[in-house]
1. For the chain, what does the convex hull of the Cα positions come to per residue, in cubic angstrom?
2. Please arrange GLU28, GLU84 by accessible surface area, largest first, computed with a 1.4 Å probe and ligands excluded.
3. Give the calculated FRET efficiency between SER107 and THR83 to the nearest 0.05, with a Förster radius of 25 Å applied to their Cβ-Cβ distance.
4. Leaving out ligands and nucleic acids, note down the accessible area per residue over the range 1-57 with a 1.4 angstrom probe, in whole Å².
5. Quick one: what Rg and Dmax do you get for the range 1-65 from the alpha carbons, in Å?
6. Rounding to the nearest 10 and keeping the result within 0 to 90°, find how far the Cα-based axis of helix 60-82 lies from the longest principal axis of the chain.
7. Quick one: helix 2-40 against the long Cα principal axis of the chain, what's the angle to the nearest 10°, folded into 0 to 90?
8. By how many nm would the segment from ILE76 to VAL38 lengthen if fully extended, with 0.36 nm per residue of separation less the alpha-carbon distance?
Amino acid sequence: MFDSSENVRKGVLSAIYEYKNRKIVGGEILLIAIVCGVYFASWWIFGGVLAGCILMFSIRILSFLLCAVLTLAWGIIGYAIGTEFSVAAGYVLGGVGLLLGYGIHFSIRH
């Protein structure tokens, strides 16, 4: 009986973690679509990027590629912020960004 309740607890915690991370990734996709739409001054680009990114998550290999690109983006952003202080801080924040991005993006893939 204890094993069954332990599995249920793990499943519930995993579902909560995945739900929170889906919100973050959804916000990233929306931000990317907004930036592209504003940059090109086109609602069509905004809608296309938004729909394209959402559809990419339904195809396994494209989902992997999108997750990898978003994870690398977190690392690059961390590195860029860190190099404002020093090169060593850039390496550390870049690594932290990569690890955080990996944890968030790859936890929601099926």
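1. 120
2. Sorted by accessible area, descending: GLU84, GLU28.
3. Step by step, r from the Cβ atoms, then E = 0.35.
4. Per-residue value: 78 Å².
5. When restricted to Cα atoms, the range 1-65 yields Rg and Dmax of 17.2, 59 Å.
6. 60
7. Helix 2-40 and the main axis of the chain meet at about 10 degrees.
8. 11.5 nm is the gain from fully extending ILE76 to VAL38.
The values are calculated or read from the model by the stated rules, or taken from the named source; none is laboratory data. All figures in this text were calculated on a predicted structure; none of them were measured in a lab. Note: ideal-geometry Cβ built from the backbone for every residue, glycine included; neighbour counts use all protein chains shown. Surface accessibility is based on the protein's heavy atoms, side chains included, excluding ligands, DNA and RNA. Shrake-Rupley method; radii C 1.70, N 1.55, O 1.52, S 1.80 Å.
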